[in-house]
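Input: a single structure, listed below in structure tokens.
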Amino acid sequence: MTGFLVTLLALFLVLAYLRARAWLWSAGAFLAWFAALAGGFSMTGIIALALVFIALALVLNPGRLRRQLISDRVLALYRRILPPMSQTEREAIDAGTVWWDADLFSGTPDWKRLLAFPKPALTPEEQSFLDNETEQLCALARDWESTQIHQDLSPEAWKYVKEQGFLGMIIPKKYGGKEFSATLHSQVIQKLSTRSSAAAVSVMVPNSLGPAELLMHYGTEEQKDHYLPRLARGLEIPAFALTNPHAGSDAAAIPDVGVVCKGMWQGKEVLGMRLTWDKRYITLGPICTVLGLAFRLHDPEHLLGEQEDLGITCALVPADTPGVNIGRRHFPLNAVFQNGPNSGKDVFMPIDWIIGGPKMAGQGWRMLMECLAAGRSISLPSSNVGMTKVAARATGAYARVRTQFKTAIGKFEGIEEPLARIGGNLYMMDAARMMTAGAVDLGEKPSVPSAIVKYHVTERARIAINDAMDILGGKGICLGPNNFMGRAYQQIPVAITVEGANILTRSLIIFGQGAIRCHPYVLKEFAATREPDERKASHDFDAALFGHIGFTLSMAVRALVLGLTGARFVRTPAGAGTRRHYQKLTRLATDFAMLADFCMLFLGGELKRKEKISARLGDILSLLYLSSCALKRFEDDGRPEEDAPLLHWSVQDALYRARLAMDGLIANFPNKLLASLLWRLVYPIGRPFQHPSDKLGHKVARLLIEPGAARDRLTAGMYLPQTEDDPIGCLEAALLATMAAEPIEARIRAAHKAGSMSGDTQEELERAALAAGIITPEEHTQLQRCARLRDEVIRVDDFPQDLGRAELEQPAAQRAAA
């Protein structure tokens with residue numbers, strides 16, 4: 001009897017682990033019955049087992065009996081208990097495409113598929129634009145000059161932006177645009193962000209979610225022919241107005257309204273719309289010449305059709321249209337990119353101004369969601385990676401140049417810890433930026449990954465910039481032309497807030513959208529509940545339901561098995577250096593899939609309101625995605641051994657964070673009995689995934705404080721001025737000078753300690769060493785240059801009593817002469 005039960009349990013675990021089909025379960029039941037027959041069971045027991053197995057086979061195998069007894073009844077229950085879904089929610093869920101995120105939701109990611117995605121690359125034309133035009137724009141866009149003198153890009157920089165086609169990077173060449181890839185778009189924004197937020201945002205917005213993007217996908221041919229060439233040449237400055245004072249994160253609830261009606265336009269009566277709106281936070285709004293508007297359109301007279309409330313609609317409105325009020329400027333945390341409110345009351349315009357024409361009335365939310373899936377993948381991730389690269393490269397150099405207690409501060413363990421966070425976070429952030437932009441170039445509209453990178457890249461940028469400010473100390477808190485981190489520190493909340501506030505994105509969007517779009521069965525179940533054909537609904541729901549049951553059962557068994565074995569027997573596509581990362585991530589993906597299913601099953605529609613649980617599930621999914629990106633980057637880069645500490649730190653940190661998310665989820669699961677079961681399935685022999693060690697953090701920190709190929713790869717693509725009158729250029733020169741001076745200074749200290757010479761100051765010691773022949777004249781010159789550069793690096797700006805206002809108000813010619 002015991003042997004039979006053990007055999008039965010083993011058979012169950014194997015079939016569940018392999019997600020066996022129904023006929024295999026039936027075959028397994030027959031084998032179990034045959035084992036009972038051969039194992040000395042009584043005839044009564046054998047007959048009873050046969051009846052049980054036959055009943056289970058009839059019910060659980062596909063067919064009318066299973067549908068009538070189980071599936072149809074569950075379908076009816078689903079239709080009663082599922083929370084209502086609004087049209088805007090449905091359009092948001094349907095927007096974009098499903099990509100690598102679906103593999104992660106499957107619980108068994110195909111790592112070979114991940115590594116087979118092509119490495120993002122630039123064409124020669126794109127590389128030239130990045131190396132020349134973008135480099136020149138960086139030289140023109142001095143951040144201190146923009147913020148203190150022009151409160152905008154300089155006129156010269158704006159002229160260059162327009163003439164060189166920066167506003168038309170995504171526009172097809174047949175309309176006069178550059179038709180660049182998403183990868184190049186990302187690289188340009190990243191580089192500009194290492195120099196000037198005004199330059200980055202002014203270029204970023206027209207090439208992201210805005211008039212050009214919407215026209216390219218949905219515009220009429222007439223609209224494309226008119227606007228796209230003008231946008232590409234900078235003859236039009238676009239802005240897109242979505243946010244209303246009463247509808248920010250809940251953008252679908254905008255109260256801005258348009259009414260379809262007839263009216264006079266240029267001396268003729270035409271079919272049009274009368275719009276009233278009030279918008280704010282509109283980037284480029286104060287200087288725009290063409291305004292994209294989102295509003296809710298009504299047709300009370302049924303001039304367009306039978307429907308009265310048509311829904312959210314997007315239109316293009318010339319800024320000089322009578323009644324359009326282009327307001328003043330906002331001042332977002334000392335950032336000087338153009339941003340401000342606009343409004344209009346009862347403004348009449350032709351119906352043809354709807355993007356895509358009258359047939360696209362009411363399609364605006366779908367248009368916005370589909371475009372946002374791609375645009376959000378590029379803009380904010382790229383700009384925040386750029387800022388973090390400055391933090392990594394410049395702060396690392398500063399930590400080597402700046403000394404305290406006769407030691408470079410970067411060698412203190414207290415400084416190593418934030419340096420390790422900066423380096424490890426940046427490695428993963430940049431990997432996610434490149435992989436997600438590459439997905440867009442592959443034709444994807446990765447809605448869930450775009451939300452992941454928007455949230456996690458901006459949050460990690462906030463951590464990195466805070467860490468940099470802690471290391472810089474007084475150097476970081478005194479604003480001025482030599483402060484390379486202060487403006488980024490001030491403005492990081494802007495990125496946290498826009499394109500979906502981070503709290504909203506984490507709590508509602510990442511898992512909420514992913515659970516429906518990426519899960520192997522949930523969307524199919526949803527679709528079946530809304531299928532009007534009852535016969536088709538019955539068949540579709542039956543297949544989805546039992547597929548889902550088998551999936552959940554398999555994930556539970558896999559979680560237990562992988563937990564007991566540490567996933568050490570999972571096959572991986574990579575070598576020894578990364579094998580354990582793939583195995584641990586496979587285990588984490590299985591745990592996530594099981595936890596997600598249990599949460600959806602036992603919380604149902606209530607999960608939509610359990611935002612903390614949803615947020616933790618989103619964290620696990622996000623950390624799986626970010627770790628995938630880091631591993632992909634390492635393989636794409638040729639597995640450079642010098643980069644291994646960066647990879648290991650970033651993946652170990654992600655695994656540790658994911659474990660904390662699982663801990664919090666299980667601890668706060670409403671059903672404590674079930675929570676206890678989940679804990680034992682996820683952690684059968686203890687909690688895995690520890691925080692990166694101090695030893696590993698030391699290796700990462702060392703990469704940031706000394707020149708090398710790993711440091712160059714980590715910060716590749718940032719603007720590096722070659723002159724010492726620029727704070728970044730000065731830091732680069734000072735780092736090289738410091739590295740050359742350190743062995744010379746070590747000889748002087750050794751000689752002084754041995755009594756070979758004497759001196760009270762460093763300068764006296766150096767002169768004494770020169771006189772004693774301990775150092776050469778060339779080495780003495782090197783030490784003097786290093787001291788000069790070090791003094792310049794640690795210097796902070798100071799101003800007259802009026803903080804330089806009088807000087808700034810002088811005419812430009814006088815300033816230049818001075």
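Order the peptides 688-700, 356-368 from the highest to the lowest mean number of other Cβ atoms within 10 Å of their residues.
356-368, 688-700
Shown for the chain: the carbon plus sulfur share of the solvent-accessible area, taken with all protein chains present and a 1.4 angstrom probe, equals 57%.
Between Glu724 and Ile503, the C-beta separation translates, for a Förster distance of 56 Å, into a calculated FRET efficiency of about 0.85. Taking every DSSP bridge with both residues inside the chain, close to 80 percent are antiparallel. Using a simple spin-label model with pseudo-atoms 7 Å out from Cα toward Cβ, Thr761 and Arg749 lie 2.1 nm apart.
Of all aspartates and glutamates in the structure, the ones whose alpha carbon falls short of 15 Å from that of Lys112, not counting any fewer than 8 places away in one chain, are Asp101, Asp103, Glu635, Asp636. Oblate is the label for the chain, because a/c, from the alpha-carbon gyration tensor with a ≥ b ≥ c as root eigenvalues, is 1.5 or above and a/b does not exceed b/c.
Let me know the shape class of region 240-324, please: from the alpha-carbon gyration tensor, a ≥ b ≥ c as square roots of the eigenvalues, rounded when a/c is under 1.5, otherwise prolate if a/b is greater than b/c, or oblate. Please report the intermediate quantities before stating the final value.
Numbers: a/c = 2.79, a/b = 1.23, b/c = 2.27.
Because a/c hits 1.5 or more and a/b fails to exceed b/c, region 240-324 counts as oblate.
The distance separating the Cα centre of region 392-453 from that of region 303-332 comes to 41 Å.
Quick check on packing: order 111-117, 781-787 by the mean number of other C-beta atoms within 10 Å, highest mean leading.
781-787, 111-117
In percent, how large is the relative contact order of region 131-196, given Cα pairs closer than 8 Å and 6 or more residues apart? Walk me through the numbers before you get to the answer.
Details: 54 pairs, mean separation 22.7, N = 66.
So the answer I get is 34 percent.
With the highest mean first, a sort of the peptides 527-538, 183-194 on other beta-carbon atoms found within 10 angstrom per residue produces 183-194, 527-538. The distance linking region 560-638 with region 142-175 is 42 Å (Cα centroid to Cα centroid, whole angstrom). Using the Cβ-Cβ distance between Cys478 and Glu306 with R0 = 60 Å, the FRET efficiency computed as 1/(1 + (r/R0)^6) comes to roughly 0.40. In this structure the chain gives 43 Å² per residue of accessible area when probed at 1.4 Å with all protein chains present. For region 402-543, the gyration tensor built on C-alpha atoms gives a prolate shape. Its axis ratio a/c (a ≥ b ≥ c) is at least 1.5, and a/b is the larger of a/b and b/c. Taking 0.36 nm per residue of sequence separation and removing the Cα-Cα distance, the His691/Ile149 pair yields an extension gain of 190.5 nm.
Normalising the average separation of contacting C-alpha pairs (under 8 angstrom, six or more residues apart) by the number of residues puts the relative contact order of the chain at 14 percent.
Separation of region 679-742 and region 233-282, taken as the distance between their Cα centroids, equals 47 angstrom. Once the Cα-Cα distance is subtracted from the 0.36 nm per residue extended length, the Arg795 to Gln136 segment shows a gain of 234.5 nm. In the structure shown, do any of Lys173/Lys224; Lys159/Lys445; Lys119/Lys445; Lys119/Lys524 have a Cα-Cα gap over 21 Å, and if so which? Checking Cα-Cα distances, Lys159/Lys445; Lys119/Lys524 exceed 21 Å.
Taken over region 287-390, the alpha-carbon convex hull comes to 126 cubic angstrom per residue.
Could you give the dipole magnitude of the chain about its Cα centre, charging the beta-carbon of Lys and Arg +1 and that of Asp and Glu -1, in debye to the nearest 20? Don't jump to the answer; show the numbers that get you there.
Values: 90 positive and 87 negative charges, 603 e Å.
It comes to approximately 2900 debye.
With R₀ fixed at 60 Å, the C-beta to C-beta distance from Asp320 to Lys524 puts the FRET efficiency at about 0.75. For region 593-707, the relative contact order comes to 29 percent (Cα pairs under 8 Å, sequence separation of at least 6).
Fully extending the segment from Arg328 to Phe602, taken as 0.36 nm per residue of separation minus the present Cα-Cα distance, adds 93.5 nm.
The values are calculated or read from the model by the stated rules, or taken from the named source; none is laboratory data. As the structure is a computational prediction, the values presented were derived from the model and not from experiment. Neighbour counts are summed over all protein chains in view; Cβ atoms, including those assigned to glycine, are modelled from backbone coordinates with ideal geometry. With ligands, DNA and RNA removed, areas are computed over all heavy atoms of the protein, side chains included. Shrake-Rupley method; radii C 1.70, N 1.55, O 1.52, S 1.80 Å.
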